[in-house]
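Nothing in this text is a laboratory measurement; each read-out follows from the coordinates by a stated rule. Please read all numbers here as calculations on a predicted model, not as lab measurements. Every residue, glycine among them, receives a Cβ derived from its backbone with ideal geometry; neighbour counts consider all protein chains shown.
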C-alpha cells in the first residue's frame, strides 16, 4: 500500500467520523428541543389542570353555600357536589367525610331527571317527588352539616 492510499483512507475515515459526529450532534439537538417542548407542554397541562380544579372547587363552594336556601333541592345539591368531588378524584377519607351527599344521591338515584322526568305522567312525578322529599327529610341534617363543613375547603 502506498502512502497516498493510506492518507486517502485516513482522510475518508476522518470524514466518516466527522459526518457521524455531526449526525449525532444534530440528533442530540433535536432531542434537546423535544424535551424542552415536552417540559413546556407539561407546564401548560399542569396550569390547565390547576385552573380546572380551581373552577370545580369554586363550583363546590357555590353549591354548598346555596344548600338550605331553597336555591336548589338537597338532592340536586348532593348529586352535583358528589359528582364534582368524584371529578377531583378525592380519596376515600374525603368521600367518607362528606358521605351525606353520596348517600342522598344514591337514595334518589332511581328518580329520573331532565327529559325522562318530563316524560313521566303527573301522578308518577308526584309519587317520586314525595319519595324524594322523604329522603331529603331523612338526610337533611346530615347534608346540611356536610355542606357547612365543606364550605371554605379546597380539594
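Cut-off is 10 Å between beta-carbons; in what order do 129, 3 appear when sorted fewest neighbours first?
Result, fewest neighbours first: 3, 129.
Using only the alpha-carbon atoms, how far is helix 74-87 inclined from the longest principal axis of the chain? Give it as 0 to 90 degrees, nearest 10.
With rounding to tens, the tilt is 10 degrees.
From the P(r) of the stretch 3-150, could you give the percentage of C-alpha pairs in the tail past 21 Å?
Numbers: 6902 of 10878 pairs.
In whole percent, the long-distance tail amounts to 63.
Quick one: angle between helix 3-66 and the longest Cα principal axis of the chain, in degrees between 0 and 90, rounded to 10, please.
Around 10 degrees separate the two axes.
So how much slack lies between residue 6 and residue 134, counting 0.36 nm per residue of separation and subtracting their Cα-Cα distance, in nm?
The span from residue 6 to residue 134 would gain 36.2 nm if fully extended.
Which order results if 81, 111, 19 are arranged by neighbouring Cβ count within 10 Å, fewest first? Provide the component values of the computation, followed by the final result.
Details: 81 26, 111 16, 19 10.
If I rank by nearby Cβ atoms, fewest first, I get 19, 111, 81.
Among 102, 26, 139, what is the fewest-to-most ranking by other Cβ atoms within 10 Å?
If I rank by nearby Cβ atoms, fewest first, I get 26, 102, 139.
As a check on your grasp of the helix formula, calculate [θ] at 222 nm for the chain: sum -39500 (n - 2.57) over DSSP H runs of n ≥ 4, divide by the residue count, round to the nearest 500.
Per the formula, -28500 deg cm²/dmol.
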